[in-house]
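Encoded as structure tokens, the structure appears first; notes follow it.
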Amino acid sequence: MHGRGPGPRPEGADAPLDPRPAGPLPYEGVWRFTAPAVDASVPQARHAVRDLLLRQGVPISDDLTQGLLLIVSELVTNAVRHAALLSPVLGLEVAVGAEWIRVAVEDSHPYRPTALEADQCRTGGRGLLLVREIAREAGGVCDVEHTASGGKVIWTALPLKPTGLL
């Protein structure tokens, strides 16, 4: 068949065509950063993620952006505080899809953290609990996985159109 039209439609062609253009949207992609496992890396990571979202034009609400940046701060802080001895450099990955955003922090320390329960007597130690709660409220997920090199990656994926209160 010749011509300029879209050509023959596949079986089940009565279904509407996908209105999305072929290929990734302009803001989709994966970006990776590395940083030394020092306190100064926490605000630097947060600013790098914020600037990336703005530069790429990611369609994310202000509330979800604030939650995501808090997650980045907590995950990088955990890596700096608990993994720096065995992991002097940490990795931060931001992956953006058409309908979701995922942030992950990787370090070389084998310890797999767990979310602590709220304890009014403790002044710290609830970062992962906070991350999981932000993710849950936004309709997302959070998990920890071991890497092939023996370290770990802690990641959170959030929908760009939140279903929760964020």
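The values are calculated or read from the model by the stated rules, or taken from the named source; none is laboratory data. As the structure is a computational prediction, the values presented were derived from the model and not from experiment. Methodologically, a virtual Cβ is constructed for each residue, glycine included, from the backbone with ideal geometry; neighbour enumeration extends over all protein chains shown. Heads up: the accessible areas ignore ligands, DNA and RNA and are worked out on the full protein's heavy atoms, side chains in. Shrake-Rupley method; radii C 1.70, N 1.55, O 1.52, S 1.80 Å.
Restricting attention to the range 33-47, and to residues there that are open to solvent by 50 Å² or more (accessible area, probe 1.4 Å), hydrophobic (A, V, I, L, M, F, W, C) and part of a loop (DSSP other than H, G, I, E, B), which single residue is farthest from A79 (Cα to Cα)? Here the residue is A40.
Residues that are farther than 17 Å from L130 by Cα, touching an Asp or Glu at 6+ places or on another chain (Cβ under 7 Å) and in a strand (DSSP E or B) are absent from the range 61-84 altogether. For the range 152-166, the set of residues classified as of a type outside the set (K, R) and modelled with pLDDT of 55 or more consists of V153, I154, W155, T156, A157, L158, P159, L160, listed by residue number. Candidates in the range 64-95 are the residues that are among the charged types (D, E, K, R) and either within 16 Å of R32 (Cα to Cα) or within 15 Å of the chain's Cα centre (by Cα) (or both); of these, the one that is surrounded by the most Cβ atoms within 10 Å (Cβ to Cβ) is E74.
Any chance the range 36-53 includes a residue that's under 28 Å from L129 (Cα atoms), modelled with pLDDT of 90 or more and hydroxyl-bearing (S, T, Y)? Yes - at least one qualifying residue is present in the range 36-53. Residues considered: G57, G3. Of these, the only one that is farther than 23 Å from V153 by Cβ and at pLDDT below 90 is G3. Of everything in the range 14-27, what is modelled with pLDDT of 80 or more and either open to solvent by 50 Å² or more (accessible area, probe 1.4 Å) or polar (S, T, N, Q) (or both)? Give them in sequence order. Passing the criteria: P24, P26. Note on the range 96-108: among residues that are part of a loop (DSSP other than H, G, I, E, B) and open to solvent by 30 Å² or more (accessible area, probe 1.4 Å), the one that is nearest to L25 (Cα to Cα) is E99. For the range 30-52, a residue qualifies if it is within 17 Å of W155 (Cβ to Cβ) and touching a helix residue (DSSP H, G or I) at 6+ places or on another chain (Cβ under 7 Å), and the qualifying residues are W31, F33, A35, A45, R46, V49. Restricted to the range 114-151, and to residues that are of a type in the set (K, R) and at pLDDT below 90, which residue is nearest to A79 (Cα to Cα)? So the residue we want is R126.
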